[in-house]
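Here is the structure we will look at.
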Amino acid sequence: TSPLVVAIDGPSGSGKSSTSRGVADRLKLAYLDTGAMYRAMTWALLRAGVDLSDPAAVAAAAERVTLSSGTDPLAPTIHVDGTDVAAPIRSDEVTGSVSLVAAVPHVRELLVDLQRAAIADSDGIVVEGRDIGSVVAPDAQVKIYLVADPAARAARRAAENGSTDAAATEAALAARDQIDSTRTASPLKKADGAIVVDGTHLTLDEVIETIVGLVGERS
Ligand code: C5P
């Protein structure tokens, strides 16, 4: 029988990571951050000096990158060729380039294969990203599309980054969402059957509680 899969998709800064980890912890499920995988791929290609504006070069170089993800929601890990990259994948340089790399179809094929393997290996998992309910796990028992107002998302992200420039943060999130939702390969969108959860006026615990309740109804 296939493991319980909870797919949590949504735009940048909607609170997907904190929410997904909280849901996984509450339900004793594994946790996979697919955004961290696209970020780690981007970090590896930048380090290798690959021209990220050349999709063919990106696709070829991506073949040579070995990623591994640890799925403990309390201590998720991400490695590239054995190197712990949890910190550098959050740099502005990676954040500014990741959407370019994620738009390359062959990169997506490689990472979707890894994501499906992690799901199959689990005894139940919360998977967060942009295309989990639509492409990676279309048969997921629970699909959530987590949204929040742009200003709320920017305020949250600016606080996480210790930045005081909420306007610049909002512009950066909007730029990334624009690329992510208009690309040809697996664009960000609400999957068929996904339930929209709007976190704008909810606390993190309330969002987690809402999703835990939905999982209870549907699994
Ligand atoms: O979730 P996070 O903001 O870390 O994701 C970083 C980037 O990775 C996104 O802006 C998007 O370009 C890409 N991504 C994706 N598909 C996923 C997860 C992330 O294209 N499933």
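The values are calculated or read from the model by the stated rules, or taken from the named source; none is laboratory data. The structure displayed is predicted, hence computed values, not measured ones. No Cβ is skipped: glycine too gets one built from the backbone with ideal geometry, and neighbour counts run over all protein chains shown. To get the accessible areas, we keep the full protein, side chains included, count just its heavy atoms, and leave off ligands, DNA and RNA. Shrake-Rupley method; radii C 1.70, N 1.55, O 1.52, S 1.80 Å.
Here are the numbers:
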{"quantity": "Three-way shape label, the chain, alpha-carbon gyration tensor, a/c 1.5", "calculated": "oblate"}
{"quantity": "Distance from segment 55-69 to segment 126-176 (C-alpha centre basis), Å", "calculated": "24"}
{"quantity": "Nearest-0.05 FRET efficiency for Ile195 and Asp54, computed from C-beta distance (R0 30 Å)", "calculated": "0.15"}
{"quantity": "Length gained when the stretch Arg90-Gln178 is fully extended (0.36 nm per residue, less Cα-Cα span)", "calculated": "29.7 nm"}
{"quantity": "Sum of -39500 (n - 2.57) over DSSP H runs of 4+, divided by residues of the chain (222 nm, nearest 500)", "calculated": "-15500 deg cm²/dmol"}
{"quantity": "Pairwise label distance in nanometres, Leu74 with Arg47, each label 7 Å out on the Cα-Cβ vector", "calculated": "2.9"}
{"quantity": "Cα lying deepest toward the dipole's positive end in segment 1-148, options Val58, His106, Thr71, charges on Cβ", "calculated": "Thr71"}
{"quantity": "Accessible surface of segment 76-122, 1.4 Å probe, proportion on carbon and sulfur as whole %", "calculated": "55"}
{"quantity": "Residue-level accessible surface for Glu170, protein heavy atoms, 1.4 Å, Å²", "calculated": "70"}
{"quantity": "Protein-only accessible surface order, largest first, of Thr184, Thr200, Thr66 at 1.4 Å", "calculated": "Thr184, Thr66, Thr200"}
{"quantity": "Accessible area (Å², 1.4 Å probe, nearest 10) - Asp149", "calculated": "80"}
{"quantity": "Residues of the chain: accessible area per residue with a 1.4 Å probe, Å²", "calculated": "46"}
{"quantity": "Bridge type composition, the chain - antiparallel percent by DSSP, nearest 5", "calculated": "25"}
{"quantity": "Radius 15 Å from Cβ of Ile179, net charge of other residues (Lys, Arg +1; Asp, Glu -1)", "calculated": "+3"}
{"quantity": "Rounded accessible area of Thr71 (nearest 10 Å², 1.4 Å probe)", "calculated": "50"}
